[in-house]
C-alpha cells in the first residue's frame, strides 16, 4: 500500500471506530401545552364532624329481627344505634356522661321517635354503658370517621 492509501485507510478505520463508540441521544418528547382547565375537584366527604349531647334510650327484644332502615335485621345485642340525622353506616362513639363508659357503634336505623331523646341504642350497647335498668341516660355522641 502506498502511504496516501495507508493514511486514508487508517483515517477510515479511526472514523468507523469512533462512530461505533457513540450512543444515540434521543431528545425527550415535548411537554404538552398547558391547559386552562382547572384540576378536577377533590371528592367531598359525605360525613361531617359531629358532636351532640342529650338523652339516650335503648330498644331491644320487641324489635329484634325486624328490618332496620339500613335494610339489615335488628340485632338487639349488636353495637348499633338509631339516629335521626347521621348517615346510615356512620361510626360513632357514645359516652355515658355519668359513669364515663364509652362504646363505638354503627348507625343502622332511624329514630328515636320519642321527643327529647337524641339516640336509641341497641340493648347490647346500653348494657355496656350501664343504663339498661334506668332505660335513659345522658350521653355524648361523637363521630369516629368524619372523613
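Nothing in this text is a laboratory measurement; each read-out follows from the coordinates by a stated rule. Owing to the predicted nature of the structure, the values given are computational and were not obtained by experimental measurement. Reconstructed Cβ throughout: ideal geometry from the backbone, glycine too, with neighbour counts over all protein chains shown.
Listing for the model above:
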| read-out | value |
| --- | --- |
| Criterion violated by residue 87 - all others in (1) closer than 21 Å to residue 61 by Cβ; (2) within 20 Å of the chain's Cα centre (by Cα) satisfied | (1) |
| Hits in segment 103-129 - residues which are within 22 Å of the chain's Cα centre (by Cα) and either assigned to a loop (DSSP other than H, G, I, E, B) or under 17 Å from residue 51 (Cα atoms) (or both) | 103, 104, 105, 106, 107 |
| Count of segment 130-145 residues which are closer than 21 Å to residue 77 by Cβ, in contact with a strand residue (DSSP E or B) (Cβ under 7 Å, 6 or more places away or on another chain) and not in a strand (DSSP E or B) | 5 |
| Cross-chain or 6+ apart pairs with Cβ under 9 Å, segment 100-117 first and in contact (Cβ under 8 Å) with a residue 60 or more places away in the chain and at negative phi, then part of a loop (DSSP other than H, G, I, E, B) and surrounded by 17 or more Cβ atoms within 10 Å (Cβ to Cβ) | 117/111 |
| First in segment 62-74 and in contact (Cβ under 8 Å) with a residue 40 or more places away in the chain and on the phi < 0 side of the Ramachandran plot, second anywhere and surrounded by 14 or more Cβ atoms within 10 Å (Cβ to Cβ) and not in a loop (DSSP other than H, G, I, E, B), Cβ under 6 Å, 6 or more apart | 68/108; 68/109; 69/109; 74/63 |
